[in-house]
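These notes concern the structure reproduced below.
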Amino acid sequence: MISDIDESKAPLLDHLIELRRRLLWCVAAIAAAFFTCLYFAKPIFAVLVQPLLAAGQGKLIYTDIFEAFFVEVKVAFFAALMISFPVVSTQLWRFIAPGLYAKEKKAFLPFLVMTPFFFVAGASFAYFVAMPWALKFLLGFEGNVGGVQQEALPAIGNYLNFSTRFLFGFGVAFLTPVLLMVLERAGIVTREQLAKSRRYAIVISAAVSAVLTPPDVVSMLLLLVPLYGLYEFAILAIRLTHWRAAKRAQATASNAEGKNVGPNTPPGGGRVGESGPISSDSESGGAKGHYPKA
């Protein structure tokens, strides 16, 4: 097992050169995705405003002259980070992997593969479920208040911050099972500790929801409920992983015991002293050969 690391030993300068090369690949991927997304910034932003349009708000304003331009730049950069994430994570893995044992690579690679799927699931939940509900609640304060007409006129930059905060917050929150399973695999926490810490998990989920969502109760609850549900899902997944590992170990042990069951058969295929070219001579204490008489 030690040879897995010894074969990849390299001087510090070589590691720094390798790190620079990986960082250049990451920067190049983000830059290429950014300029591509900048060209399609308006269609991308058109997708982001669909929840607002579905909530009944068909107007966005901007009061700063440069606000609309910087919104397109932010949209392009946000989309570039999403698109280039597979390249960035691959370069990060290729830099870290040579310093890991073969078992560690086998253990952590599935979690790296699951990360984008959980993030996309969280962002999709925010886009299709959380944002429409939150917008309907927040835009429901329009109307006549004491004889004054109250109307919502969200600014374009304000709405971009709102949508990206929702998408990024829910995407990161949905990585909770991956994080907990990695910590359990690394031996930092155990399933029993996670099961006993449910009350603390509720408090932490509420605090994270308050930070990652806008300051309203509906948005906070929309993240709090699935976040704690993912905590329970992580405990269940860890239990299932342990059960499968124990079952696999039991099957391996049974197969090993099955190979050792039964009498040892001599090479000649018969009983000792009665078959084969040489038989035991009990009287002389030696052995006599079965040769034809002259």
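The values are calculated or read from the model by the stated rules, or taken from the named source; none is laboratory data. Keep in mind it's a predicted model, so treat the numbers as computed, not measured. Positions of Cβ are backbone-derived with ideal geometry, glycine not excepted, and every protein chain shown enters the neighbour counts. Remember, those area values only see protein heavy atoms, side chains included, never the ligands or the DNA or RNA. Shrake-Rupley method; radii C 1.70, N 1.55, O 1.52, S 1.80 Å.
Sequence-ordered 3J(HN,Hα) estimates for region 90-104 from the Karplus curve with 6.51, -1.76 and 1.60 and θ = phi - 60° stand at 5, 5, 5, 5, 5, 7, 7, 4, x, x, 10, 6, 4, 5, 5 Hz, glycine and proline given as x. Sketch the reach of a paramagnetic label on Trp25 as a point 7 Å from Cα along Cα-to-Cβ, and name the residues of region 92-127 whose backbone nitrogen lies under 11 Å away. It comes to 92-97, nothing else. Close amide H contacts of Leu175 (hydrogens built in the peptide plane, cut-off under 5 Å, sequence separation of 5 or more or a different chain): none are found. Taking every protein chain into account, the accessible area of region 98-175 amounts to 55 square angstrom per residue (probe 1.4 Å). Taking the protein heavy atoms of region 66-165 in the context of the full set of protein chains, the accessible area attributed to carbon and sulfur is 72 percent at 1.4 Å. Within the accessible surface of region 168-225, defined with a 1.4 Å probe on protein heavy atoms only, the carbon and sulfur portion equals 74 percent. No solvent, one uniform scatterer per C-alpha: report log10 I(q)/I(0) for region 1-104 via the Debye equation at q = 0.13, 0.23 1/Å, two decimals. The computed values of log10 I(q)/I(0) come out as -0.66, -1.17. Highest mean first, the peptides 244-252, 217-225, 105-113 sorted by other C-beta atoms within 10 Å per residue fall in the order 217-225, 105-113, 244-252. The residues of region 181-249 expose, per residue, 61 Å² of accessible area to a 1.4 Å probe. Can you grab the distance from the C-alpha centre of region 136-187 to the C-alpha centre of region 66-110, Å, no decimals? So the separation of the two Cα centres works out to 23 Å. Projecting the Cα positions of Phe69, Phe95, Val113 onto the charge dipole of region 68-160 (unit charges on Cβ atoms of Lys, Arg, Asp and Glu, taken about the Cα centre) puts Phe95 furthest along the positive direction. Amide H to amide H distances under 5 Å link Ala155 with Ile61, where only residues 5 or more positions off or on other chains count and H is placed in the peptide plane.
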